[in-house]
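Working notes, beginning with the structure itself.
The values are calculated or read from the model by the stated rules, or taken from the named source; none is laboratory data. Note that the structure is predicted; figures quoted are calculated from it, not measured. Note that we place each Cβ from the backbone using ideal geometry, even for glycine, and neighbour counts take in every protein chain shown. With ligands, DNA and RNA removed, areas are computed over all heavy atoms of the protein, side chains included. Shrake-Rupley method; radii C 1.70, N 1.55, O 1.52, S 1.80 Å.
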Amino acid sequence: MVYSNGTLKDHGHLEPVQIPWDEYFMDICRVVGEKATCDRGRSGCVIVRDHVILSTGFVTSPEGSPTCDEVGHQMCGFIHEDGKKIDHCMRNNCAEQVAIANAARVWISLEGATLYTKMTPCSVRHCAHLIVACGIRRVVCDSTYHSAQESEEIFTRAGVQLVYLNKEVTEYKKKK
């Protein structure tokens with residue numbers, strides 16, 4: 001849980017063993033997301049296996065490229081099979097992509113891992129496909145992405161467990 005001022009939930013009233021693992025790693029995910037360089041969704045990602053962090057990532061542009069915070073968004077429209085149009089900023093890599101790439105750069109296998117992220121990983125930028133392909137078996141999201149149905153179907157077909165910690169739906173505000 002995040003307070004209205006953006007700070008993390010205070011677990012001070014709990015003994016360390018009483019803090020659920022999913023809340024613990026989601027809190028870390030929120031802190032990682034503070035480094036994100038796109039104001040549409042300052043999202044982070046933490047990948048864990050056996051309660052050990054394997055990799056982290058946050059929304060940012062490829063190395064050497066300008067970020068949204070520096071030069072603005074690079075918006076592209078996509079039309080789903082049902083005719084619904086959604087917009088994505090294509091200047092940045094998604095947090096999930098960065099975390100998976102960071103693990104690959106140092107030869108860390110993600111087979112059987114759990115991925116923590118702000119909202120349902122997208123299908124448009126192939127985050128859901130990449131998660132399945134690298135063997136991640138569980139995805140924990142703080143909230144639902146407003147266009148999550150396709151990703152949810154991909155995870156269901158692949159046997160990836162999808163958990164939502166909150167029932168909130170995250171919608172991006174229109175950016176110019």
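Between the residues C29, G41, T144, the greatest Cα displacement towards the positive end of the dipole of the chain, with unit charges on the Cβ of Lys, Arg, Asp and Glu, is found for G41. Between C94, C45, C122, the residue with the greatest mean-square fluctuation in the GNM of the chain (Cα pairs under 10 Å linked by springs) is C122. Within the listed set K84, K118, K35, the residue fluctuating most in the Gaussian network model of the chain (springs between alpha-carbon atoms under 10 angstrom) is K84.
Against the criterion of solvent-accessible heavy-atom surface with a 1.4 angstrom probe, V132, V59, V31 sort, most first, into V31, V132, V59.
Per-residue extension of 0.36 nm, minus the Cα-Cα distance of H146 and W107, leaves a gain of 10.7 nm for this segment.
Using the Karplus relation 6.51 cos²θ - 1.76 cosθ + 1.60 with θ = phi - 60°, the per-residue 3J(HN,Hα) values for region 54-62 come to 9, 6, 9, x, 9, 4, 6, 7, x Hz, with x marking Gly and Pro. Scanning residues 5 or more positions from I108 or on other chains, none has an amide H under 5 Å from its amide H, with H placed 1.01 Å from N in the peptide plane. Counting every pair of alpha carbons in the chain, the share spaced more than 18 Å apart comes to 61 percent. Sequence-ordered 3J(HN,Hα) estimates for region 160-167 from the Karplus curve with 6.51, -1.76 and 1.60 and θ = phi - 60° stand at 8, 6, 10, 10, 10, 7, 10, 8 Hz, glycine and proline given as x. Summed over qualifying helices (DSSP H, 4 residues or more, each -39500 (n - 2.57)) and divided by its residue number, the chain shows a 222 nm mean residue ellipticity of -7000 deg cm²/dmol. Once C-alpha pairs closer than 8 Å and six or more residues apart are averaged by separation and normalised to the residue number of the chain, the relative contact order reads 17 percent. Among the protein heavy atoms, those of C141 account for about 0 Å² of accessible surface (1.4 Å probe, every chain in place). For region 83-176, the relative contact order comes to 25 percent (Cα pairs under 8 Å, sequence separation of at least 6). Counted over the chain, the DSSP beta bridges are approximately 60% antiparallel.
Roughly what would the spin-label model give for S65 and K84, points 7 Å off Cα along C-beta, in nm? Once both label points are built, they end up 2.6 nm from each other.
In the context of the full set of protein chains, residues of the chain present 56 Å² of accessible surface per residue (probe radius 1.4 Å, heavy atoms only). The lysine pair count for the chain, using Cα distances under 19 Å and pairs eight or more places apart or on different chains, is 14. The C-alpha atoms of the chain define a longest principal axis, and helix 95-105 lies at about 70 degrees to it. Projecting the Cα atoms of L162, T56, H126 onto the dipole axis of the chain, where Lys and Arg carry +1 and Asp and Glu carry -1 at the beta carbon, places H126 farthest toward the positive end.
Take E96: with every protein chain present and a 1.4 Å probe, its accessible area is about 10 Å². Taking only protein heavy atoms and a 1.4 Å probe, the accessible area of the chain is 52% carbon and sulfur.
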